[in-house]
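Below is one structure, written out as structure tokens, with a few remarks after it.
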Amino acid sequence: MSDSGNNAFWQTKRLEDMSPAEWESLCDGCGRCCLNKLEDWDTGEIYWTNVACRLLDDGSCRCRDYPNRQASVPDCVPLDAHAARTLSWLPPTCAYRLLGEGHDLYWWHHLVSGDPETVHEAGISVRGRTISEEGMEPEDLEDHLVDWPGENPMED
């Protein structure tokens with residue numbers, strides 16, 4: 001188990017100052033950011049769906065082609081420190097968002113627990129909860145609205 005109380009890098013470094021390896025290690029593997037979302041253009045409100053990007057592996061909750069994801073999926077948004085602080089659709093449990101807002105990581109994050117399975121055991125990940133967007137028309141997304149990706153079960 002990681003000792004987050006003794007100067008863990010995510011507690012001592014700003015997002016902008018992290019190495020590429022540190023940055024990548026922040027991803028908890030929940031897969032929530034890989035779900036299709038709809039935005040109300042009038043209000044800016046985000047509506048979540050259970051429809052996953054065609055590159056998301058529902059079992060591992062990881063991208064099947066991470067190095068080439070933006071070439072394969074033009075809508076895939078690269079995350080950087082600025083995006084982590086400003087994208088309203090990042091899940092409330094997302095490590096990048098949490099740290100960008102000045103919070104610490106939750107107990108189930110693999111950097112804290114030492115186990116990449118705790119994100120799934122805690123019910124945070126999308127494992128087994130998604131359908132693929134392959135073959136789906138964009139207008140069909142409205143038929144797959146769900147609330148859970150935008151909720152933070154740690155605040156219940």
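The values are calculated or read from the model by the stated rules, or taken from the named source; none is laboratory data. Quick caveat, the model's predicted, so the values are computed rather than measured. Counting neighbours? That spans all protein chains shown, and the Cβs are built from the backbone with ideal geometry, glycine included.
Pull up the range 66-92, narrow it to residues that are hydroxyl-bearing (Ser, Thr, Tyr) and over 25 Å from HIS103 (Cβ atoms), then point me to the one that is modelled with the highest pLDDT.
Out of the qualifying residues, it is TYR66.
What do you reckon, is ALA81 closer than 17 Å to TRP10 by Cα and of a type in the set (A, V, I, L, M)?
Yes: the conditions hold for ALA81.
Collect the residues in the range 60-111 that are of a type in the set (A, V, I, L, M) and surrounded by 17 or more Cβ atoms within 10 Å (Cβ to Cβ), keeping them in residue-number order.
Answer for the range 60-111, where residues must be of a type in the set (A, V, I, L, M) and surrounded by 17 or more Cβ atoms within 10 Å (Cβ to Cβ): VAL73, LEU79, ALA84, LEU90, ALA95, LEU98, LEU99, LEU105, LEU111.
Check off (1) among the acidic types (Asp, Glu); (2) in a loop (DSSP other than H, G, I, E, B); (3) farther than 30 Å from ILE131 by Cβ for ASP42 and give me the number that stays unchecked.
Exception for ASP42: condition (3).
Mind checking whether some residue in the range 46-60 is out of contact with any Ser or Thr (no Cβ under 7 Å at 6 or more places or on another chain), over 15 Å from CYS27 (Cα atoms) and assigned to a loop (DSSP other than H, G, I, E, B)?
Yes, the range 46-60 contains at least one residue that is out of contact with any Ser or Thr (no Cβ under 7 Å at 6 or more places or on another chain), over 15 Å from CYS27 (Cα atoms) and assigned to a loop (DSSP other than H, G, I, E, B).
Being over 26 Å from ASP17 (Cβ atoms), at pLDDT 95 or above and not β-branched (Val, Ile, Thr) is true for just one of ARG129, ARG54. Which residue is that?
ARG129
Filter the range 125-156 for residues that are among the aliphatic types (A, V, I, L, M) and touching a helix residue (DSSP H, G or I) at 6+ places or on another chain (Cβ under 8 Å); which is farthest from VAL73 (Cα to Cα)?
VAL126
Would you please list the contacts, defined by Cβ atoms under 8 Å and residues six or more apart or on different chains, that run from a residue in the range 52-70 that is basic (Lys, Arg) to a residue that is exposed (fewer than 14 other Cβ atoms within 10 Å of the Cβ) and assigned to a loop (DSSP other than H, G, I, E, B)?
From residues that are basic (Lys, Arg), the pairs are ARG54/GLU134.
Given the conditions (1) in a loop (DSSP other than H, G, I, E, B); (2) over 20 Å from SER88 (Cβ atoms); (3) in contact (Cβ under 8 Å) with a residue 60 or more places away in the chain, report the number of the one that ILE124 does not fulfil.
With (1) in a loop (DSSP other than H, G, I, E, B); (2) over 20 Å from SER88 (Cβ atoms); (3) in contact (Cβ under 8 Å) with a residue 60 or more places away in the chain applied to ILE124, the lone miss is (2).
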